[in-house]
Structures are given as structure tokens and as C-alpha cells.
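Here is the structure we will look at.
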Amino acid sequence: VTHFFHQKECDKAIWDLARILKVSRSSLGLYASLKGWFCGCIDLYNHNGDLVLNGRELDNLHGMPITSTIHKQHTNMASHDAQFILVIEKEGVYTRLAEDKFFLLEACILVTGKGFPDMAPRQWVRQMAATLQLPVYGLADCNPYGIAVLHSYQYQQSF
């Protein structure tokens with residue numbers, strides 16, 4: 001049963017509830033399903049400093065899933081050659097670029113939120129950009145929806 005006509009209405013209700021209760025959004029225990037992937041010129045390390053992900057070596061066509069806890073699971077990230085992060089609106093375009101290993105041709109990190117992103121992809125992009133000191137570029141349809149998707153990575157809250 002759909003209770004909201006648009007995702008924005010649901011997001012606003014959740015943020016309002018968090019403000020009323022004076023808690024963080026994450027403490028409400030509301031989590032979206034998996035809604036993002038990334039791959040490319042990035043390495044992730046665990047708490048012991050062991051390499052747990054080489055983003056250039058894909059275990060599947062999509063790369064690594066972006067979950068709500070990914071930033072907690074991997075304490076360190078590094079990229080020795082990435083020049084930018086490319087946020088891609090369409091999952092199909094992302095999959096094609098990942099399959100073709102575009103990130104080896106143009107040293108970059110590919111990310112998709114599979115359309116309009118939830119909090120996890122937005123937060124992950126911000127964390128990668130800040131930690132790795134990389135610019136973020138977008139690839140989206142040239143229509144209001146595509147622009148709104150890219151806009152959400154830049155301006156919507158992601159904590």
C-alpha cells in the first residue's frame with residue numbers, strides 16, 4: 001500500500017519525526033533497501049588495515065553495493081590514481097560502464113544510486129569526495145528529473 005505520492009513526502013515525514021523526537025534519522029531504525037553500487041579506482045581497508053576491496057576487480061557486474069553501514073565497515077579508503085567520481089543516474093548506463101571497465105580508461109570511481117538516490121549513496125559519495133579530495137561529476141538525462149537526481153547529491157542532507 002502506498003501512503004505517499006512522492007518520495008519527498010516520505011522523506012519529509014521521516015525528518016519531521018526525527019526533529020520532533022530530537023533524535024538522528026538513523027536512530028529511528030528506518031533503512032531503505034539496497035539502492036546503489038560503486039566500482040573503480042578505489043581500495044577499502046578494514047580496521048586492521050587489511051585490503052577488503054579492490055574496486056578495479058569486480059566480483060559481479062555491479063561492483064560493490066552501497067549499504068547504510070558501508071562507511072562504518074571500512075575505516076580507510078585510498079585511491080592512487082582516481083581523478084574524479086562519476087555519479088550516474090541510470091543503473092543501465094552504470095552497468096555498461098562497469099562491464100567495459102571505463103574506470104581503467106579514465107581513472108575514476110563510478111557510482112549509481114539507481115535513479116533517485118536514498119541516503120546511503122549520497123553519504124558515500126560525500127565521504128569519498130572528502131576523504132579522497134576528488135571532484136564529483138554527474139551523468140544524467142538532460143531533463144528535470146535527471147537534474148533533480150544530480151542536485152540531490154549536492155544539496156540534500158545525508159546524515
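The values are calculated or read from the model by the stated rules, or taken from the named source; none is laboratory data. Small disclaimer: the values here were computed from a predicted structure and weren't measured. Every residue, glycine as well, gets a Cβ built from its backbone with ideal geometry; the counts of neighbours run over all protein chains shown. Calculation scope for accessible area: heavy atoms of the full protein, side chains included, ligands and nucleic acids excluded. Shrake-Rupley method; radii C 1.70, N 1.55, O 1.52, S 1.80 Å.
In the stretch 91-108, of all residues being modelled with pLDDT of 95 or more, out of contact with any strand residue (DSSP E or B) (no Cβ under 6 Å at 6 or more places or on another chain) and not in a helix (DSSP H, G or I), the one that is farthest from Cys142 (Cα to Cα) corresponds to Ala107. Scanning the stretch 128-140 for residues that are open to solvent by 50 Å² or more (accessible area, probe 1.4 Å) and modelled with pLDDT under 95 turns up Ala130, Thr131. In the stretch 1-23, the residue that is surrounded by the fewest Cβ atoms within 10 Å (Cβ to Cβ) out of those that are more than 21 Å from the chain's Cα centre (by Cα), modelled with pLDDT of 85 or more and assigned to a helix (DSSP H, G or I) is Ile20. Among the residues of the stretch 85-114, the ones that are open to solvent by 10 Å² or more (accessible area, probe 1.4 Å) and within 11 Å of the chain's Cα centre (by Cα) come to 2 in all. Among the residues of the stretch 141-159, those identified as among the polar types (S, T, N, Q), open to solvent by 30 Å² or more (accessible area, probe 1.4 Å) and assigned to a loop (DSSP other than H, G, I, E, B) are Asn143, Gln156, Gln157.
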